[in-house]
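Following: one structure in structure tokens, then a few remarks.
The values are calculated or read from the model by the stated rules, or taken from the named source; none is laboratory data. All of these numbers come straight from a predicted model, not from anything done at the bench. In this analysis, Cβ positions are derived from the backbone assuming ideal geometry, glycine residues included, and neighbour counts consider all displayed protein chains. Heavy atoms of the whole protein, side chains included, go into the accessibility calculation; ligands, DNA and RNA do not. Shrake-Rupley method; radii C 1.70, N 1.55, O 1.52, S 1.80 Å.
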Amino acid sequence: MDYTATQSGFRQQPNMRLRTSLVDGSEGSQLFEDTSGAASGPQTGYSNQQAGPQAAGFPGQSILSDPMSNLAMAYGSSLASQGREMVDKNLDRFIPISKLKYYFAVDTVYVGKKLGLLVFPYMHENWEVSYQQDTPVAPRFDVNAPDLYIPAMGFITYILVAGLALGTQNKFSPELLGVQASSAFVWLIMEVLAVLLSLYLVTVNTDLTTIDLLAFSGYKYVGMIVGVVAGLLFGRPAYYLSLLWCCVAIFVFMIRTLRLKLLSEAAAEGRLVRGAKNQLRMYLTMSIAAAQPIFMYWLTYHLIR
């Protein structure tokens, strides 16, 4: 730098630097402005591309907003609801699922009292089923009401005890256990069908349903289990004694229960039964009750050796 220059010249040189720096700064700012402008250009276009389909709407909106499609969806839902109602109605006609809930409405107290009644029914006095507004109360509130819990559990327990008895004889096999279960189930169904046919032939007007008959026929499994377990623990004499006791108990139970369902009101009150129709009902009641000990012995005698 030349310091021999005049004072004015010396003073003008910083101005030159300032002007140069301003020019350089303007160029630098211009560089950044151009770069940002170049970058902002595609971003703006990308945002416009994003906003374009949203503003235009996707094809599903036009379909959903179509009145014909809405009408078709409503018609399809109504057809589905009608089909579901038809299936439920026909299913309930053959398998009354709504009624099955009544027969499983039990508790521990009811099960204990019912088992005691099946084994020792001699001291029980009131055998009538309680009603509430022309509807029988749930079994857990009335020990006289039929249920399906005890027959179902009795059937399963009988199959398990039968498998245990076969195992003690070295005869256990899955096939033989299946034959035992199938045989017991087939005899149960045949018994219920025979009772239904007899009621139809005798033309008995009763409120007994098929499920009621299935419940009453399934109560014999309790005595069968008692007899087989006694035989396994104490031998064949204990089997005969316990089975004989349970056979007499189930016979008394069935007579006192079914006479209120099959016989006339006069017979239910203990008055003399007269007329051929009432005699047929009495014979039918005794036949159903007498069939229980026969099935109990037939399905258990081969399990005890």
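Numbers at a glance
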| read-out | value |
| --- | --- |
| Extension gain (nm, one decimal) between F104 and A194, 0.36 nm per residue minus Cα-Cα | 29.9 nm |
| Largest-first ordering by accessible area, 1.4 Å probe, given options Y239, Y122 | Y122, Y239 |
| Equivalent ellipsoid, region 116-261 (semi-axes from 5 times Cα gyration tensor eigenvalues, Å) | 30, 19, 14 |
| Accessible surface of region 146-305, 1.4 Å probe, proportion on carbon and sulfur as whole % | 71 |
| Distance in nm between pseudo-label sites at Q279 and M123 (7 Å out along the Cβ direction from Cα) | 3.9 |
| Kirkwood Rh in Å, taken over all unlike Cα pairs in region 113-188 | 15.1 |
| T209 versus I156: modelled label distance in nm, points set 7 Å from Cα along the beta carbon direction | 2.2 |
| Interatomic Cα distance distribution for region 216-257, bins of 10 angstrom, percent | 33, 48, 18, 2 |
| Among the listed pairs K99/K171; K101/K220; K114/K171; K171/K261, those beyond 31 Å (Cα-Cα) | K99/K171; K114/K171; K171/K261 |
| Accessible area (Å², per residue) of region 99-173, counting only protein heavy atoms and a probe of 1.4 Å | 58 |
